[in-house]
Amino acid sequence: MSSTNPGGAAGPHPIVVGNWKMNGLKTALTEAVKVKDGLPAAGAPVDVMICPPATLVLVLAEVLKGSHVRVGGQDCHAAASGAFTGDVAAGMLLDGGASAVILGHSERRAGHGERDWDVRAKVVTAHAAGLTAIVCVGETAGERAAGLTETVVRRQLAGSLPDGITAANTIVAYEPVWAIGTGLTPTTGDVAAVHAAIHSALGERYGKDAGGVRLLYGGSVKPSNARELLGVPHVHGALVGGASLTAADFLGIIKAYDAAG
Ligand code: PEP
């Protein structure tokens, strides 16, 4: 399916994904209901997904049943099941009503020592379970200062993605680590350059138009900057952390795709 981004360029149908991280008790479900109720009855001009903590996947999927808002997980184990205390299996997320899972988020890479091959193993398991993998890549401030942004992102893509990915089973999110939760964002020119590099790296490996895989930008997206960031060529949506916790802000970002918005 193709659509139009706020900048007017045609491309894959956009998606806005909320990552609640380790935030949200049952009371937070009211925000998700407000998101659902705030979308046009005919559906938003973008796909919308919320990735709550694992404890809320099942109940959120129930609450959002029949709506246009999908549910995703934030991580899964590389094994399908077994003796892995405290971990969540891809099949459990699917069973709970999730259709996707975020993998390789920089907070997992930094806080849990996940390397590219760990991420790739999880992507393979997520695909086998029937989930779409939302695979995160992005450089640190130090790597950026050293002029290594594209090198790092290309290396992460090469190592984190298995062969044979498709537009249906994989989404890539470019999230500069220094922009996550900081209020800082790259210039639109910087985002355009990195997304063009990702598009070309995926094109070399998966074929024309990067195999149709959607490329998200993530890092301090908010209603006030969504329209310009999401209008950049080869940006097909956003991965949103902090601003996804309140329905008003999340809907404000989704509205970047509303011609009247
Ligand atoms: C994220 O963690 O994926 C993220 C983009 O966070 P924030 O929007 O808060 O920068």
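Answer with one residue from His105, Ala158, Ile198: the one whose Cα lies farthest towards the positive end of the charge dipole of the stretch 92-213, charges on Cβ with Lys, Arg +1 and Asp, Glu -1.
Selected residue: Ala158.
Over the chain, with a Gaussian network built from C-alpha contacts below 10 Å, which listed residue (Gly189, Gly218, Gly96) shows the highest mean-square fluctuation?
Checking each option, the largest mean-square fluctuation is seen for Gly189.
How do Tyr206, Tyr217 rank when sorted from fewest to most other Cβ atoms within 10 Å of their own Cβ?
Least crowded to most crowded, the residues run Tyr206, Tyr217.
What's the extension gain from Ala158 to Thr246 if we count 0.36 nm per residue and subtract their Cα-Cα distance? All intermediate terms of the calculation are to be shown ahead of the outcome.
On the way: separation 88, 0.36 × 88 = 31.68 nm, distance 3.48 nm.
Contour length minus Cα-Cα distance gives 28.2 nm.
Could you estimate the translational diffusion coefficient of the chain from the Stokes-Einstein equation, with Rh from the Kirkwood formula over C-alpha pairs, at 37 °C and 0.692 mPa s, in whole µm²/s?
Working: Rh = 18.1 Å.
It comes out at roughly 182 µm²/s.
Under 5 Å between amide H atoms, partner at least 5 residues away or on a different chain: which partners does Asp75 have, H built in plane at 1.01 Å?
Ile102
Kirkwood-based Rg over Rh for the stretch 1-149 (C-alpha set), two decimals? Provide the component values of the computation, followed by the final result.
On the way: Rg = 16.6 Å, Rh = 16.6 Å.
Here Rg/Rh amounts to 1.00.
Using the Karplus curve 6.51 cos²θ - 1.76 cosθ + 1.60 with θ = phi - 60°, what ³J(HN,Hα) values do you get for each residue of the stretch 147-159, in whole Hz, with x for Gly and Pro?
x, 9, 3, 5, 4, 5, 5, 5, 5, 5, 4, 4, x
What translational diffusion coefficient, in µm²/s and rounded to a whole number, does the Stokes-Einstein relation yield for the stretch 75-116 at 4 °C and a viscosity of 1.567 mPa s, taking the hydrodynamic radius as the Kirkwood radius over Cα pairs? Provide the component values of the computation, followed by the final result.
On the way: Rh = 11.1 Å.
So the translational diffusion coefficient is about 117 µm²/s.
Report the Cα centroid-to-centroid distance between the stretch 31-101 and the stretch 142-183 in angstrom, as an integer.
After rounding, the separation between the Cα centres reads 23 Å.
Around Thr170, which amide H atoms from residues at least 5 apart in sequence, or from another chain, sit under 5 Å from its own amide H, with H modelled in the peptide plane?
Sorted by chain and number, the residues that satisfy this are Ala133.
From the backbone phi of the stretch 122-137, what are the Karplus-calculated ³J(HN,Hα) couplings (6.51 cos²θ - 1.76 cosθ + 1.60, θ = phi - 60°) in whole Hz, Gly and Pro given as x?
The phi angles translate into 5, 4, 4, 5, 4, 4, 4, 7, x, 9, 7, 8, 9, 9, 9, 9 Hz.
Taking the Cα of His112, stepping 7 Å toward and past its beta carbon, and measuring to each backbone N in the stretch 22-53: which are under 16 Å?
Label zone hits: 22-23, 51-53.
Shape call for the stretch 107-253 from the C-alpha gyration tensor, a ≥ b ≥ c root eigenvalues: rounded (a/c under 1.5), prolate (a/b greater than b/c) or oblate? Please report the intermediate quantities before stating the final value.
On the way: a/c = 1.37, a/b = 1.30, b/c = 1.06.
It is rounded, given that a/c, with a ≥ b ≥ c, falls under 1.5.
Cβ neighbours within 10 Å, averaged per peptide: list 224-230, 163-169 in order, most packed at the top. Numbers along the way, then the final one.
Details: 224-230: 19.3, 163-169: 14.0.
Per-residue mean Cβ counts within 10 Å order the peptides as 224-230, 163-169.
So what J values fall out for the stretch 18-30 if you push phi through Karplus, 6.51 cos²θ - 1.76 cosθ + 1.60 with θ = phi - 60°, rounded to Hz, Gly and Pro as x?
So the Karplus estimates, Gly and Pro as x, are x, 10, 6, 6, 8, 10, x, 9, 4, 4, 6, 4, 4 Hz.
Shape of the stretch 34-88 from its Cα gyration tensor (a ≥ b ≥ c, root eigenvalues): rounded if a/c is under 1.5, otherwise prolate when a/b > b/c, or oblate? All intermediate terms of the calculation are to be shown ahead of the outcome.
On the way: a/c = 3.57, a/b = 2.67, b/c = 1.34.
Note, shape of the stretch 34-88 comes out prolate.
Every number here is computed from the coordinates shown, using simple stated rules; none is lab data. Keep in mind the model is a prediction, meaning the values are calculated, not measured. Note: ideal-geometry Cβ built from the backbone for every residue, glycine included; neighbour counts use all protein chains shown.
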